Amino acid sequence: MVDVLSLRGQNHLSQAPSLLYYGFVKCNENPYNATTNPDGIINMGTAENKICDDLIIPKLDIPGHITPPQTQYFPVNGMTELRQEVASFLTAKTKADVAIETEQVSILNGCSAAFCFLAYVIGGHGDRYLIPSPYYGMTEKYMAGYSGLVPIGVELDSDNMPDLEQLTKSYDDALARGEKVCGIVLINPHNPTGAIYPKDRVIEVLEFAKQRKLHVIVDEIYLLSVFEEGDFESCLSYTKQWPDPQRTHFMWGFSKDFAMSGSRCAMIYSQNQSVHKIFGGTIGFQHMVSGVMQMKLCSMLQDTTWLDYFLAESRRRLKKNATLVTNTLDRHNIPYLKPQGTLFLWADFRSIFKDKPSAEEANLIFFKMLDHHIYIPSSLGFNGTHLTDSYFRIVYAIPNDALTIAMQRFEEFLAAY
Amino acid sequence: MVDVLSLRGQNHLSQAPSLLYYGFVKCNENPYNATTNPDGIINMGTAENKICDDLIIPKLDIPGHITPPQTQYFPVNGMTELRQEVASFLTAKTKADVAIETEQVSILNGCSAAFCFLAYVIGGHGDRYLIPSPYYGMTEKYMAGYSGLVPIGVELDSDNMPDLEQLTKSYDDALARGEKVCGIVLINPHNPTGAIYPKDRVIEVLEFAKQRKLHVIVDEIYLLSVFEEGDFESCLSYTKQWPDPQRTHFIWGFSKDFAMSGSRCAMVYSQNTNVHKILQDKMKFHTVSGIVQMKLSAILRDTTWLNYFLVESRVRLQQNASLVMKTMDKHEIPYLKPRGTLFLWVNLGKIFKEEPRAEEETLIFNKMLDHRIYIPSSLGFKGTHLTDGYFRIVYAVPSKVLALAMHRFEKFLRAYSLNEDVTVEC
């Protein structure tokens, strides 16, 4: 019974579920399996790296990692060993300009939790944050859930870059409406476009934020899934140029780059010690990661030889799979943003639309593809603007045989539609 | 820098840390270790079962459990296998009157998370909840953190049982102050007293709640740490008699009964399906690593090992409790006879030199720390004036360490009565 619950609880139920959630559930109800369910739905919608299990699982499945400290209470901010390993690992991989210190890192159970917690400490209930649009739809659920922050989508420019003019307009309009804006969220590489924001564009946004005393959350969850290492400059590589380090917070997690979305483990880097103190004092209790998991990840990060091999191999496989998809799209003259990394690409299906691209037909196309047993979400799952009505995000990080069949089904859908 | 952060964030920092947190940190700064740090502080304050590692660790450390479903996204409110295993396990262990269904179970990363989430769905920000006092101090942090609920401590009766008169008074007073009361929290077996609320007392509270449309959260985290199985009747064994099942929510976790506080894995049972729906759909903040879920699943399936473990754990706990009771008896220090949990509630009143006792409690607490033992006073448990002078002693530490701790305790007693400072050798 719902009406015995709190209003804030009930509100959650009255909101329409995200398209991404809907698709995920549909796939789990009827999941494709080459042998047991070849007619099931192939999931090209949920951004997971499913092509590295053979590399990851043996690394996690090693006995001898478990000793009493992991089965007993450990610091809420994370086991010191893991914080240390994550700090050195990211220092190395991002070519951080200043070595990341252990005390600047907190561990929590997912980037979803990181958004939730940071939302809590950067603003009050009902405060707004600016976020380039389109954006990964679930982000706003994470920022709203407990913490009650409200998104203002800000149109990207024609290169899919954050647009200072739009940011300024959105900010000023919000103030004119009497709203309080507390921060900006950047996801880089960007979800869903896959665009990479270069350093100068990020610093522009950081400057914009500083002038208005806004916090900035930078989520680089796809950091190591960029095909060519040199293509991505992490904001950790230029922290000395952050205009407002006390209001700049970085997050990353194991889900995408390490092909383990089920690990439920992520980190926050912030130079603002109070952030970690608040986390470690009470709130963090709600986001702790099992000690056993923390030590397995620790041990994995310690094996630098294996790490280098894994990261290179993962990128190679991702790029190969991306090519398989782009080949199919090329064949049908379907334009897309050239993927430079992440696990997906952003394709423009406007040539498929029968009418001028609209949200309604995007929905129709989404369901028709589901009828063909492929799940590919439209921009509706990404809070797109009218400019992105014809776009869809295709996840390519699924096993090759499934990917091939998915592309066949996609072509069948094209022919049928 | 704190003042750049939100007011709600800053408020967290301006609150004094719990005594329990303070003690835990102190112990971690200077932890006792027989070989490397024999002069370190022995932690008799944090309620953990540290005497079953030899049984638990081999069970967790088995390869072959990890397959792709655990490294990929799974339902937010728990992998189906674990929910199923937890449902059948608890059905059996609590002698549930109605078999618990998988859909009535959600998995979260700790009872702390369970309190936080349930607080969110049973009341609005600023709403009050009644909780028998003394109570485990951190509970209010969990209920307040994100969810903003405020506790009203309600004195227990002289048998340490929930007192309907006091509950009624507290409820009426709150309403008179213009406050909204949304629920009641029961922890049974009780923390810190170790008292066990029998069925009729629990049902009384459930009835009281139903009449006022209050939610009740029943936390039975020490369910399987009760020495004699027959001594404890879980509320799951009489769900058919719950007056208001849609507003009654049950919490349990692996931390205490399975001696793995580091597992960060717990469950919520509720017949209110919307509770689970909200968690699953919108609150992806309390997920547990898939690998850990499957390891726990595997543990729960091994019923032979389970039965052995649960019995052995209780035997060890009872043995350790006896050691502490002997020391207390020797010095004629009264205590509530422990029937389970990981601790016992002792009354050190006789060693106090002054009235009122609250200030001297802190002094004694710090003096004991000087003697390298951490034993929290009632200040960590939101006691009332009735519990001034009470301390909670955790006995679930390895036997040798426990013996040393008791030795240090006796030295403290001696030194305190003679107003002596600590001597170097402990």
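The values are calculated or read from the model by the stated rules, or taken from the named source; none is laboratory data. Quick caveat: nothing in here was measured; it's all calculated off a predicted structure. Reconstructed Cβ throughout: ideal geometry from the backbone, glycine too, with neighbour counts over all protein chains shown. The area values use the complete protein model at the heavy-atom level, side chains included, leaving out ligands, DNA and RNA. Shrake-Rupley method; radii C 1.70, N 1.55, O 1.52, S 1.80 Å.
Every condition in (1) open to solvent by less than 10 Å² (accessible area, probe 1.4 Å); (2) modelled with pLDDT of 95 or more holds for A:Gln271 except the one numbered (1). Among residues of segment A:1-26 being more than 10 Å from chain B (Cβ to nearest Cβ) and modelled with pLDDT of 80 or more, the one that is farthest from A:Leu370 (Cα to Cα) is A:Leu20. B:Met79 - would you say it is over 19 Å from A:Ile66 (Cα atoms) and in contact with a Pro (Cβ under 8 Å, 6 or more places away or on another chain)? Answer is yes for this residue.
Of all residues in segment B:192-205, those that are touching a Leu at 6+ places or on another chain (Cβ under 9 Å) and either among the hydrophobic types (A, V, I, L, M, F, W, C) or over 25 Å from B:Phe381 (Cβ atoms) (or both) total 3. Among residues of segment A:140-153 being crowded, with 24+ Cβ neighbours inside 10 Å and touching a strand residue (DSSP E or B) at 6+ places or on another chain (Cβ under 9 Å), the one that is farthest from A:Leu345 (Cα to Cα) is A:Leu149. The set of residues from segment A:380-417 being polar (S, T, N, Q) and farther than 20 Å from A:Thr139 by Cα comprises A:Ser390, A:Asn400, A:Thr404, A:Gln408. Of the candidates B:Lys199, B:Lys240, B:Lys210, B:Lys256, the single residue that is open to solvent by 10 Å² or more (accessible area, probe 1.4 Å) and within 26 Å of B:Arg128 (Cβ to Cβ) is B:Lys210. Which ones in segment A:287-303 are within 14 Å of chain B (Cβ to nearest Cβ) and of a type in the set (A, V, I, L, M, F, W, C)? Selection gives A:Met288, A:Val289, A:Val292, A:Met293, A:Met295, A:Leu297, A:Cys298, A:Met300. Pairs are defined by a Cβ separation below 6 Å, a sequence spacing of at least 6 or placement on different chains, a first member in segment A:167-188 that is within 9 Å of A:Arg128 (Cβ to Cβ) and modelled with pLDDT of 95 or more, and a second member that is in a loop (DSSP other than H, G, I, E, B) and among the hydrophobic types (A, V, I, L, M, F, W, C); the pairs so defined are A:Gly183/A:Leu214. Looking across A:Leu60, A:Leu90, A:Leu82, A:Leu108, one residue alone is away from chain B (no Cβ under 14 Å) and in contact (Cβ under 8 Å) with a residue 60 or more places away in the chain. It is A:Leu90. With respect to B:Pro356, is the statement that it is within 23 Å of the chain's Cα centre (by Cα), away from chain A (no Cβ under 13 Å) and in contact (Cβ under 8 Å) with a residue 24 or more places away in the chain true? In short, no.
Mind checking which residues of segment A:96-148 are polar (S, T, N, Q) and touching an Asp or Glu at 6+ places or on another chain (Cβ under 7 Å)? If the condition is that a residue be polar (S, T, N, Q) and touching an Asp or Glu at 6+ places or on another chain (Cβ under 7 Å), then A:Ser133 is the only one that fits. For segment B:16-35, taking the residues that are more than 28 Å from A:His125 (Cα to Cα) and assigned to a loop (DSSP other than H, G, I, E, B), the one that is most open to solvent (accessible area, probe 1.4 Å) is identified as B:Thr35.
Matching residues to (1) farther than 19 Å from B:Met406 by Cα; (2) small (Gly, Ala, Ser):
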| position | (1), (2) |
| --- | --- |
| B:Leu310 | yes, no |
| B:Val315 | yes, no |
| B:Gln319 | no, no |
| B:Met328 | no, no |
| B:Pro334 | no, no |
| B:Pro338 | no, no |
| B:Trp345 | no, no |
| B:Gly349 | no, yes |
| B:Glu354 | yes, no |
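Here the condition is being without any contact (Cβ under 8 Å) to a residue 60 or more places away in the chain, closer than 26 Å to B:Phe309 by Cβ, open to solvent by less than 20 Å² (accessible area, probe 1.4 Å) and in contact with a helix residue (DSSP H, G or I) (Cβ under 9 Å, 6 or more places away or on another chain); of B:Val226, B:Val205, B:Val218, it holds for B:Val218 alone. Of all residue pairs spaced 6 or more apart or on separate chains, those with beta-carbon atoms under 6 Å, a first member in segment B:309-334 that is at pLDDT 95 or above and a second member that is open to solvent by 50 Å² or more (accessible area, probe 1.4 Å) are B:Met328/B:Tyr335.
Mind listing just one residue for me: the one in segment A:362-411 that is among the hydroxyl-bearing types (Ser, Thr, Tyr) and in a helix (DSSP H, G or I) and, of those, surrounded by the fewest Cβ atoms within 10 Å (Cβ to Cβ)? Filtering segment A:362-411 for residues that are among the hydroxyl-bearing types (Ser, Thr, Tyr) and in a helix (DSSP H, G or I), the one surrounded by the fewest Cβ atoms within 10 Å (Cβ to Cβ) comes out as A:Thr404. Only one entry in B:Pro69, B:Pro38, B:Pro75 is within 30 Å of A:Gly253 (Cα to Cα), surrounded by fewer than 19 Cβ atoms within 10 Å (Cβ to Cβ), at pLDDT 85 or above and over 24 Å from the mean Cα position of the chain (by Cα), namely B:Pro75.
Of the residues A:Ala87, A:Ala92, A:Ala96, A:Ala47, the single one that is modelled with pLDDT of 90 or more and part of a loop (DSSP other than H, G, I, E, B) is A:Ala96.
All conditions in (1) within 14 Å of chain A (Cβ to nearest Cβ); (2) assigned to a helix (DSSP H, G or I) hold for B:Leu306, with the sole exception of (1). Selection of segment B:107-134 for residues being in a loop (DSSP other than H, G, I, E, B) and open to solvent by 10 Å² or more (accessible area, probe 1.4 Å) yields B:Gly124, B:His125, B:Gly126, B:Asp127. Whether a residue is within 30 Å of A:Ile394 (Cβ to Cβ), modelled with pLDDT of 95 or more and among the hydroxyl-bearing types (Ser, Thr, Tyr) was assessed, and A:Ser106 does not pass this test.
Can you pull out the residues in segment B:326-361 that are buried (at least 17 other Cβ atoms within 10 Å of the Cβ) and in a helix (DSSP H, G or I)? Matches in segment B:326-361: B:Thr327, B:Met328, B:Glu360, B:Glu361. Within segment B:260-284, the set of residues being within 7 Å of chain A (Cβ to nearest Cβ) and either on the phi > 0 side of the Ramachandran plot or in a loop (DSSP other than H, G, I, E, B) (or both) comprises B:Met260, B:Arg264, B:Cys265, B:Asn272, B:Met283, B:Lys284. Evaluating B:Pro245 against the criteria (1) open to solvent by 30 Å² or more (accessible area, probe 1.4 Å); (2) at pLDDT 95 or above; (3) more than 11 Å from chain A (Cβ to nearest Cβ) leaves one unmet condition, (3). Among the residues of segment A:156-191, just one is in contact with a strand residue (DSSP E or B) (Cβ under 7 Å, 6 or more places away or on another chain), of a type in the set (S, T, N, Q) and open to solvent by 40 Å² or more (accessible area, probe 1.4 Å), namely A:Gln166. Among the candidates B:Leu13, B:Leu55, the residue that is part of a helix (DSSP H, G or I) and more than 30 Å from A:Ser274 (Cβ to Cβ) is uniquely B:Leu55.
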